[in-house]
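Asker: Quick one: the structure is below, and I'll ask about it shortly.
The values are calculated or read from the model by the stated rules, or taken from the named source; none is laboratory data. From a predicted model like this one, the values you see are computed outputs, not experimental measurements. A quick note on method: Cβ atoms are made from the backbone with ideal geometry, for glycine too, and the neighbour counts reach across all protein chains shown. For the accessible areas, the whole protein counts, side chains as well, though only heavy atoms, and no ligand, DNA or RNA atoms are used. Shrake-Rupley method; radii C 1.70, N 1.55, O 1.52, S 1.80 Å.
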Amino acid sequence: MQITNDIYLVGSDQFGLSYALDCNCYLIDGGGQLALIDTGLGLGVRDICSQISAHGFDLKSLDKIIITHSHLGHYGGADELRELTGAKVWAPELAAEIMTTLEEPAIKIGFKFNRYPDGFRPRACKPDEIIRDGDLIPVGKFQLSAIQLRGHTVDSTCYLLEIDGERALFTGDTVFYAGKLGLINVETCSMAHYREDIYKLRDLAITQLFPAHGVFVLRG
């Protein structure tokens, strides 16, 4: 699904583009170089690849797989996508160990309450590159600015993209449409962290919002 001139939605449960537990997966076309933000759980990888190809892109042009945070529904497909495309996986510094070891409370809760299908085995993914607060990530003619914003998880990171006169923010599960926050009943989620970090968004003058679930916002 093409959203703007250079941003596409290529995976999503709620938009019916990939597996039923996948988050919104956004493709950025930097002009000859592509970046994918989040990958879904891992069971919709082939669908995501098909969506990318359907828009006329060569999968080998995917240069970066950029993760917003260390919940399995956001990075579970990263290792397979890396194998299929040759892209490097970029992830927040505090997400790296979790992605490599799969030691995270939300994964255990998912299995305990049968969130995942029978026989599902999560696939670990050691990142190739580490992202820290304030880092600039080149994507062809564009660059993303990393903004660590703890709350949903301690490693949650938003990515700011200035494009065609707009200021777009990819928020993962940090902030959603209408200002809703990603508060969940997991010990690693913290309202105290939200209170400490939410100010980072105050003066960004965001015009477009691209969250990992639900609708995206293109104006205002």
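Asker: Scanning the chain for GluC sites (Glu not before Pro) in DSSP loops with at most 12 other Cβ atoms within 10 Å, what's the longest stretch left with none? Intermediate results must be reported in sequence, preceding the final value.
Answerer: Details: sites that count: E103, E187.
Here the longest run is 1-102.
Asker: Quick one: grab Rg to one decimal and Dmax as a whole number for the chain, Cα atoms only, in Å.
Answerer: Reported Rg and Dmax, both Å: 15.9, 47.
Asker: Under a Cβ-Cβ cut-off of 9 Å, what is the net charge of the residues other than I98 that fall near it, where Lys and Arg count +1 and Asp and Glu count -1? Don't jump to the answer; show the numbers that get you there.
Answerer: Working: positive: none; negative: E97, E103, E104, D155.
It works out to a net charge of -4.
Asker: Using the Cβ atoms and a cut-off under 12 Å, what net charge is assigned to the surroundings of A20, where Lys and Arg are +1 and Asp and Glu are -1? Could the numbers behind the result be given before it?
Answerer: On the way: positive: R115; negative: D13, D22, D47.
For residues surrounding A20, the net value is -2.
Asker: What is the Cα convex hull volume of the stretch 91-149 when expressed per residue in Å³? Walk me through the intermediate numbers first.
Answerer: Details: hull volume 7.1 nm³, N = 59.
Each residue corresponds to 121 Å³ of Cα convex hull volume.
Asker: Under a Cβ-only charge scheme (Lys and Arg +1, Asp and Glu -1), can you give me the dipole magnitude of the stretch 1-124 about the Cα centre, in debye to the nearest 20?
Answerer: Values: 10 positive and 16 negative charges, 48 e Å.
Here the size comes out at about 240 debye.
Asker: How much length would be gained if the chain were fully extended between A192 and D58, taking 0.36 nm per residue of separation minus their Cα-Cα distance, in nm to one decimal? List each step's numbers first, then the result.
Answerer: Values: separation 134, 0.36 × 134 = 48.24 nm, distance 4.33 nm.
Difference between extended and current length: 43.9 nm.
Asker: From Cα coordinates alone, what are the radius of gyration and Dmax values for the stretch 17-124 in angstrom?
Answerer: So, for the stretch 17-124, Rg and Dmax equal 13.6, 44 Å respectively.
Asker: Here is a follow-up. Test of understanding: given the chain, find the longest segment containing no trypsin sites (Lys or Arg not before Pro) that are in a DSSP loop and have at most 14 other Cβ atoms within 10 Å.
Answerer: Values: sites that count: R132, K141, K180, R202, R219.
Here the longest run is 1-131.
Asker: What size of dipole, in debye to the nearest 20, comes out for the chain about its Cα centre when the only charges are +1 on Lys and Arg C-beta atoms and -1 on Asp and Glu C-beta atoms? Intermediate results must be reported in sequence, preceding the final value.
Answerer: Details: 20 positive and 29 negative charges, 64 e Å.
So the magnitude is around 300 debye.
Asker: State the percentage of accessible surface on the chain attributable to carbon and sulfur atoms; use a 1.4 Å probe and exclude ligands, DNA and RNA. Don't skip to the answer; put the middle values down first.
Answerer: Details: 4790 of 9870 Å².
Whole-percent figure for carbon plus sulfur exposure: 49.
Asker: Evaluate E = 1/(1 + (r/R0)^6) for R219 and I109, where r is the Cβ-Cβ distance and R0 equals 45 Å; express this FRET efficiency to the nearest 0.05.
Answerer: Values: r = 37 Å, r/R0 = 0.82.
It comes out at approximately 0.75.
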